[in-house]
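Following: one structure in C-alpha cells, then a few remarks.
The values are calculated or read from the model by the stated rules, or taken from the named source; none is laboratory data. Remember, it's a predicted structure, so these values are computed and weren't measured experimentally. Ideal geometry is used to build each Cβ from the backbone, glycine not excepted, and the neighbour counts take in all protein chains shown.
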Amino acid sequence: MDPHSVAWIAGGYYALAVVSALVPWVNAEVLMLTAVPQAGSPARLALLVALVTLGQMTGKATMYWIARSAVRPQAPRLQQMIERWREPLVRRPHVAMGVMLLSATLGVPPFYIITLAAGALHVAFGRFLAVGIVGRLLHFAVLAFVPHLLWRNL
C-alpha cells in the first residue's frame, strides 16, 4: 500500500471516530473491526487503534465542554440533582475516576452518558481526558487485536 493511501485511510478512521463519539448510532466498535483486515500489519493496526482512540476522545472532549458550558439548570429540582451527585465526586474523586475508566473500557455505563455527566458535574478535564484515553485505548486494542490474532492463526 502506498503512503498516500495509508494517509487517507488513517485520516478516514480518525474522522469517523470523531463522528462516532458525537453521534451514538455511528458505531466505533464496527469501525475498529473493519480496521483488522485493512491494516495489513500489527504496526498499522496499532496506528489505527491509536487514531480511533484519539478520534473518539476528540469527540468526547467536545461533548464534555459542551455539557460543561451548557448545563446551567434553571429548574431547582435539576440543580438539586446535580449538586447531590457533585458532592460525592468531590469527596471521593477516585470513585468517579473508576466509573469513568470502567465506562471508557467496557462501555458500562455508556461512555456517551458518562462524558456528558462529567462535563455537567465539572469533573477535572485533565482527569477525564487521561482516564478516557486509557480506557478507550484498552477497549479498541482488545477489540482489534483479538480478531487480528485469531485471523492470523486461521
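Could you tell me which of the residues 67, 35, 21, 50 is touching a Lys or Arg at 6+ places or on another chain (Cβ under 7 Å), in a helix (DSSP H, G or I) and modelled with pLDDT of 85 or more?
Testing whether each residue is touching a Lys or Arg at 6+ places or on another chain (Cβ under 7 Å), in a helix (DSSP H, G or I) and modelled with pLDDT of 85 or more leaves just 21.
When the residues of region 70-97 are filtered to those that are outside any helix (DSSP H, G or I) and of a type outside the set (Gly, Ala, Ser), which remaining residue is modelled with the highest pLDDT?
So, considering only residues that are outside any helix (DSSP H, G or I) and of a type outside the set (Gly, Ala, Ser), the one modelled with the highest pLDDT is 92.
So which of 108, 131 is of a type in the set (A, V, I, L, M), at pLDDT 90 or above, surrounded by fewer than 18 Cβ atoms within 10 Å (Cβ to Cβ) and under 30 Å from residue 44 (Cα atoms)? I'd like the intermediate steps shown before the answer.
Numbers: 131 fails: surrounded by fewer than 18 Cβ atoms within 10 Å (Cβ to Cβ).
Only one candidate passes the filter, namely 108.
Name the residue that is surrounded by the fewest Cβ atoms within 10 Å (Cβ to Cβ), counting only residues in region 1-50 that are in contact (Cβ under 8 Å) with a residue 60 or more places away in the chain and farther than 29 Å from residue 64 by Cβ.
Across region 1-50, the extreme among qualifying residues is 37.
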